[in-house]
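Here is the structure we will look at.
The values are calculated or read from the model by the stated rules, or taken from the named source; none is laboratory data. In this text, all values refer to a predicted model and were calculated from it rather than measured experimentally. Note: ideal-geometry Cβ built from the backbone for every residue, glycine included; neighbour counts use all protein chains shown.
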Amino acid sequence: MLDGFFSFLTDNLEVFLTYTGFANFTFGHFFMLLIGVLFIFLAIKYEFEPMLLIPIGFGILIGNIPYKDANLLIGIYEEGSVLNTLYQGVLHGWYPPLIFLGIGAMTDFSALISNPKLMLVGAAAQSGIFFAYIIALQTGFSPSQAASIGIIGGADGPTAIFLSSRLSPDLMGAIAISAYSYMALVPVIQPPFMRLLTTKKERVIRMKHTRVVTSTEKMIFPIVGLLLTALLVPSGLPLLGMLFFGNLLKESGVTRRLAETARGPMIDIVTILLGLTVGASTQATRFLTFDSIKIFCLGAFSFVIATCCGVLFVKCLNLFLKEGNKINPLIGNAGVSAVPDSARISQVVGLEYDPENYLLIHAMGPNVSGVIGSAVAAGVFMGLLG
């Protein structure tokens, strides 16, 4: 009897062991777990976008715990699982518009309203998107895939996810991780190129104080902004509509509770779900491909070109501006839509050369313009390729 019991126990133990993560572990899983730990480390140690990198990093850990039986319904790609249900917000593009609603509710467009020409700087920075699109086409990606990769240059994670959910869902994991990685690395990537492309004289340009924007102007702006951008690019309506709606909630003065909910609890909840599920979608068996490596390289290229185009555009614009009206080229980097991190970098680099030159308020103009510009660029691609 004891022999039969031990035999039964041994057989069941052997079966149990085949179901453990250790038995199904591969080098790919190990590598992705290291990436997840790295994201968490960078977020905690250096405070690189911790609100994004910690959920994404932990999601990578969750997504790369290997298991044997797909019938367990625990993975993010298994229909009916909890993670798969939460992932639908990414696949169907529900989360990005909700994040844009929160962004709109926390954004002050005063710098842009008081100095409209800064919108041109934000538009110029979107050039990186289209340069990367062309290069991606040349490296073998389809037009739809190339468009989703190019949008990484806008440093706008929600827009990149929204566009890839429509045009190239098969590449969404790599595109999303790439976009958020470069958003987090703004303090590392941008300053060297800002210094390289500007002279010491240009870095100490002091810009005129912005005029005071009235509350009426602030209330009119989201309405006019929606009509102008959405009528031009209707396909960008889900993002642009929610962005300007959130801003109207903020500026109307009569919907404070709604604005506080949009920019507080709601955007926090959506960010958690988005980051966690995007991270979990990076299962080693699907994520570790040559295409993923190309996407990371093209994303870096796109982001660098966007930064450089913003700075160089300001230098060109200054050729046509009178002395005293010139723009400090250091705010050109803020044309990417990493709000407000890229604007902070303009301030930090500017203070290195003139401790009394405060560029942050000016940099917010192209920064918020970049948010609008990346959404418009996504709408253009959707209209042409969707």
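Every residue, every condition in (1) touching a residue at least 24 places away in the same chain (Cβ under 8 Å); (2) not in a helix (DSSP H, G or I), yes or no:
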site: Val15; (1), (2): no, no
site: Thr18; (1), (2): yes, no
site: Leu33; (1), (2): yes, no
site: Leu42; (1), (2): yes, no
site: Gly59; (1), (2): yes, no
site: Gly75; (1), (2): yes, yes
site: Gly80; (1), (2): no, yes
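Within the stretch 66-106, the only residue that satisfies the criterion of being hydrophobic (A, V, I, L, M, F, W, C), surrounded by fewer than 16 Cβ atoms within 10 Å (Cβ to Cβ) and in contact with a Gly (Cβ under 8 Å, 6 or more places away or on another chain) is Leu73. Kindly evaluate Ala184 against the criterion of being buried (at least 20 other Cβ atoms within 10 Å of the Cβ), free of Cβ contacts under 8 Å to residues at least 40 places away in the same chain and within 26 Å of Gly93 (Cβ to Cβ). Judged against the criteria, Ala184 is not a match. Among the residues of the stretch 246-261, is any charged (D, E, K, R), surrounded by 22 or more Cβ atoms within 10 Å (Cβ to Cβ) and closer than 27 Å to Ala363 by Cα? Among the residues of the stretch 246-261, at least one is charged (D, E, K, R), surrounded by 22 or more Cβ atoms within 10 Å (Cβ to Cβ) and closer than 27 Å to Ala363 by Cα, which makes the answer yes. For Ile293, the stated conditions hold: it is surrounded by fewer than 19 Cβ atoms within 10 Å (Cβ to Cβ), of a type in the set (Val, Ile, Thr), under 23 Å from the mean Cα position of the chain (by Cα) and closer than 30 Å to Pro143 by Cα.
Every listed requirement among (1) in a helix (DSSP H, G or I); (2) free of Cβ contacts under 8 Å to residues at least 60 places away in the same chain is met by Ile65 save one, (1). Does any residue of the stretch 249-257 turn out to be closer than 14 Å to Ile99 by Cα, touching a residue at least 60 places away in the same chain (Cβ under 8 Å) and in a helix (DSSP H, G or I)? The answer is no, given that none of the residues of the stretch 249-257 is closer than 14 Å to Ile99 by Cα, touching a residue at least 60 places away in the same chain (Cβ under 8 Å) and in a helix (DSSP H, G or I). Among the conditions (1) crowded, with 16+ Cβ neighbours inside 10 Å; (2) in contact (Cβ under 8 Å) with a residue 60 or more places away in the chain, Leu226 misses just one, which is (2). When restricted to residues that are among the small types (Gly, Ala, Ser) and within 27 Å of Leu385 (Cα to Cα), the stretch 218-259 contains 5. β-branched (Val, Ile, Thr), closer than 26 Å to Met32 by Cα and surrounded by 20 or more Cβ atoms within 10 Å (Cβ to Cβ) - does that describe any residue in the stretch 128-151? Yes, the stretch 128-151 contains at least one residue that is β-branched (Val, Ile, Thr), closer than 26 Å to Met32 by Cα and surrounded by 20 or more Cβ atoms within 10 Å (Cβ to Cβ). When Ile134 is tested against the conditions (1) of a type in the set (A, V, I, L, M, F, W, C); (2) touching a helix residue (DSSP H, G or I) at 6+ places or on another chain (Cβ under 7 Å); (3) outside any loop (DSSP other than H, G, I, E, B), the lone failure is (2). Restricting the stretch 329-362 to residues that are surrounded by fewer than 24 Cβ atoms within 10 Å (Cβ to Cβ) and not in a helix (DSSP H, G or I), the residue that is nearest to the chain's Cα centre (by Cα) is Val339. When Lys315 is tested against the conditions (1) among the basic types (Lys, Arg); (2) at pLDDT 95 or above; (3) closer than 29 Å to Phe39 by Cβ, the lone failure is (3). Take Ile267 and decide whether it is in contact (Cβ under 8 Å) with a residue 40 or more places away in the chain, farther than 30 Å from Phe141 by Cβ, touching a helix residue (DSSP H, G or I) at 6+ places or on another chain (Cβ under 6 Å) and not small (Gly, Ala, Ser). Against the criterion (in contact (Cβ under 8 Å) with a residue 40 or more places away in the chain, farther than 30 Å from Phe141 by Cβ, touching a helix residue (DSSP H, G or I) at 6+ places or on another chain (Cβ under 6 Å) and not small (Gly, Ala, Ser)), Ile267 qualifies.
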